[in-house]
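All of the numbers you see were taken from the coordinates with simple rules; none came from a lab. Because the structure is a prediction, the values reported are computed rather than measured. Quick reminder, even Gly has a Cβ in these numbers, built from the backbone with ideal geometry, and neighbours come from all protein chains shown.
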Amino acid sequence: MSLSIEDVARIARLSRIAVTGDELAATQGQLNQILTLIEEMRAVDTTGIEPMAHAQDVMLRLRDDVAREPNRREAWQAVAPAVEAGLYLVPQVIE
Amino acid sequence: MIEKSVKQLSAMLAAKEISAVEMASEYLARAKAMRDLNAFITLDEDKTFAEAKAADALLASGQAGVLTGVPIAQKDIFCQQGWKTTCGSKMLDNFVAPYDANVIELCRKAGLVSLGRTNMDEFAMGSSNENSFYGAVKNPWDKSAVPGGSSGGSAAAVAARLAPIATATDTGGSIRQPAAFCGVTGIKPTYGIVSRFGMIAFASSLDQGGPIGKSAEDCALLLNVMAGFDERDSTSLEHAKEDYSRDLTAPLAGLRIGLPKEYFAEGLASDVAAAVDVAISEYKKLGATIVEVSLPNTKLSIPAYYVIAPAEASSNLSRFDGVRFGHRAAEYSGLAEMYEKSRAEGFGAEVKRRILTGTYVLSHGYYDAYYLQAQKIRRIIANDFQTAFEHCDLIAGPVAPTAAWNLGEKNADPTAMYLEDIYTLAVNLAGLPGMSLPAGFAANGRPVGLQLIGNYFSEAKMLNAAHQLQQVTDWHTRAPSL
């Protein structure tokens with residue numbers, strides 16, 4: 001299947017990436033090329049095949065519910081774009 | 001000194017012929033003199049010398065390990081506390097890592113001395129290193145050629161002798177293909193052997209760290225440091241610690257090497273095929289038996305990979321939103337626009353393409369048709385390898401269809417570049433170990449790599465086969481004239 005300009009705009013919105021103006025058409029062409037490449041996979045008969053996420057089929061480990069990491073708030077916030085009084089600053093979300 | 005093996009460098013340090021500080025400064029001087037290769041994104045002398053002094057103290061105290069004081073180049077994908085860690089992206093141009101990746105921790109414990117941070121395709125997405133925000137790396141053999149990707153900086157640094165060894169990562173060939181293009185040796189271990197903690201995630205079910213070095217022996221010594229169970233990586237395997245150098249000297253008589261007929265079919269350049277044939281004939285002389293095997297679904301690895309990798313990338317890279325770290329746009333009207341502009345500005349074209357592709361294949365109504373179908377094909381591909389390993393101990397073939405192409409040559413068409421990964425992707429999908437070692441040169445004088453693929457946990461056997469070839473051939477000792 002082939003993506004329309006509206007599809008591309010919707011995917012860009014879902015991805016939270018601004019794609020505007022001329023970029024939309026260029027992106028449409030490239031994404032359709034990639035989809036053409038992956039299309040041949042869809043016709044393969046995979047009835048009865050278990051999907052594979054990890055070759056060793058490991059189970060996720062559980063651990064005791066105790067805090068292990070020390071509080072390093074200052075170190076983490078030293079690399080943040082905007083902080084104040086130990087809080088991350090973002091534009092107003094709730095009116 | 002720059003041609004010495006890790007073992008020889010280690011002996012020089014132990015015998016006090018040279019100090020770790022002197023050794024690091026010699027490599028750093030070379031790295032600075034060859035800045036035009038663009039192999040490093042960051043050099044930080046003060047930090048390097050601090051590590052070298054600590055290594056000298058350990059050496060003086062008699063508590064040094066085999067690798068204490070040996071210099072290493074670190075791929076800019078591993079978080080390293082206090083060092084700028086960019087992952088090749090504008091998104092992280094201002095990011096100084098506040099913690100160490102497990103691999104970095106292990107390197108520090110071993111006393112390895114970090115020379116700097118190597119250049120790479122942005123978020124490890126690419127096969128040519130041209131997707132780096134910091135510009136392409138140049139191939140030391142021919143500065144008009146690409147070094148391969150995504151670990152192009154690590155491969156070029158070792159090839160140009162700017163570092164004896166380097167860390168790297170491989171999601172679809174990112175250790176093996178640049179190693180091949182730059183004429184060095186590299187191994188991607190079994191998935192789950194090297195911890196992904198602190199290794200900036202691209203496609204979590206495929207990403208795996210590994211070493212690049214001049215020889216199989218050097219790679220074995222570095223893999224000994226990098227590998228090990230780490231509970232902070234949920235996919236890390238509780239696998240007993242191994243000495244990957246234990247079998248290096250074992251004879252190869254009786255070894256069965258399988259050649260997958262699909263790897264020698266249409267699309268393989270004749271000069272690459274000829275170089276691989278010569279390496280195979282050396283294996284015959286060493287007593288190996290050559291058998292033909294089949295990996296019938298090799299072609300499906302491209303579509304399956306280009307569904308799974310972008311899907312996982314779109315999820316992993318959602319963390320880059322301009323809130324807690326990384327680039328934030330200067331102007332925005334609300335939260336949604338802040339996300340959208342920060343990500344549009346911070347990511348390069350290829351990264352955006354993959355996020356968009358991944359978002360689409362995971363979106364409502366398409367998950368089963370794309371992601372789940374790809375995960376099933378992944379199982380088919382993994383099963384093919386198990387069938388092949390009933391007839392052979394190792395699989396051998398080319399790493400890539402051609403030697404390194406020219407810078408800029410394949411930029412215009414992203415999907416054309418995807419096809420170059422045909423011989424490496426299946427190994428990641430199956431979670432198998434794979435390696436690349438030098439096997440001569442193409443018609444244009446650029447290096448050719450031989451790929452060895454082993455069954456799960458057969459790294460020691462692969463390194464043994466590679467080391468034995470390197471005892472009777474000298475391709476791995478050739479260095480570019482710079």
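Distances between placed amide hydrogens fall under 5 Å for B:S174 paired with B:S150, all partners being 5 or more residues away or on another chain.
Per residue of B:370-380, how many C-beta atoms from partner chains lie within 10 Å of its own C-beta, taken as a mean? Other-chain Cβ atoms within 10 Å of each residue's Cβ, averaged: 6. Couplings 3J(HN,Hα) for the stretch B:341-350, derived from phi with the Karplus relation 6.51 cos²θ - 1.76 cosθ + 1.60 (θ = phi - 60°), are 6, 4, 6, 5, 7, x, 9, x, 4, 5 Hz, where x marks Gly and Pro.
In terms of its C-alpha gyration tensor, the stretch B:399-482 comes out oblate, because a/c is 1.5 or above while a/b does not outweigh b/c.
Converting phi to 3J(HN,Hα) with the Karplus coefficients 6.51, -1.76 and 1.60 and the offset θ = phi - 60°, the stretch B:225-235 yields 7, 6, 7, x, 5, 9, 5, 7, 10, 5, 9 Hz in sequence order, with x at every glycine or proline.
One decimal place: the segment A:V58-A:N71 gains 1.6 nm when fully extended, by the rule 0.36 nm per residue minus the C-alpha distance. Counting Lys and Arg as +1 and Asp and Glu as -1 over every other residue whose Cβ lies under 14 Å from the Cβ of B:R246, the net charge comes to -3. Charge tally for B:G65 (other residues, Cβ to Cβ under 12 Å; Lys, Arg +1; Asp, Glu -1): +2.
The label-point distance for B:F264 and B:D368, in a model that sets each label 7 Å from Cα toward Cβ, rounds to 4.3 nm. Helical content of chain B, expressed as a calculated mean residue ellipticity at 222 nm, amounts to -11000 deg cm²/dmol (DSSP H runs of 4 or more residues, -39,500 (n - 2.57) each, divided by residue number, nearest 500).
For B:Y99, B:Y339, the sequence from fewest to most other C-beta atoms within 10 Å is B:Y99, B:Y339. Label-to-label distance, B:S315 versus B:A29, with points set 7 angstrom from Cα along the beta-carbon direction: 5.1 nm. Modelled spin-label separation between B:I2 and A:E23, with each label point placed 7 Å from Cα along the Cα-to-Cβ direction: 4.1 nm.
Other protein chain C-beta atoms within 10 Å of residue C-beta, averaged over A:44-51: 5. Take each peptide in B:36-43, A:37-44, A:57-64, B:462-469, count the other Cβ atoms within 10 Å of every residue, and average; sorted highest first, the result is B:462-469, B:36-43, A:37-44, A:57-64. Calculated on C-alpha atoms, the gyration radius of the protein assembly as shown divided by its Kirkwood radius gives an Rg/Rh of 0.96.
Applied to the stretch B:58-65, the Karplus parametrisation 6.51 cos²θ - 1.76 cosθ + 1.60 on θ = phi - 60° returns per-residue 3J(HN,Hα) values of 5, 4, 5, 7, x, 9, 6, x Hz, with x for Gly and Pro. Summarising the amide proton neighbourhood of A:H54: residues at separation of 5 or more, or on other chains, whose placed amide H is nearer than 5 Å comprise an empty set. A cut-off under 12 angstrom between Cβ atoms defines the neighbours of B:I381, and their net charge, with Lys, Arg +1 and Asp, Glu -1, is +2. Could you please state, rounded to a whole Å, how far the C-alpha centre of the stretch B:408-482 is from the C-alpha centre of the stretch B:22-80? If you average the Cα positions of each part, the centres end up 26 Å apart. Excluding the site residues themselves, the longest part of chain B lacking any GluC sites (Glu not before Pro) in a DSSP loop with at most 14 other Cβ atoms within 10 Å is B:18-230. From the alpha carbon centroid of the stretch A:1-54 to that of the stretch B:112-132 is 27 Å. Applying a threshold of 30 Å to the alpha-carbon distances of B:K4/B:K53; B:K143/B:K461; B:K53/B:K143; B:K47/B:K352; B:K143/B:K188 flags B:K143/B:K461; B:K53/B:K143; B:K47/B:K352 as lying beyond it.
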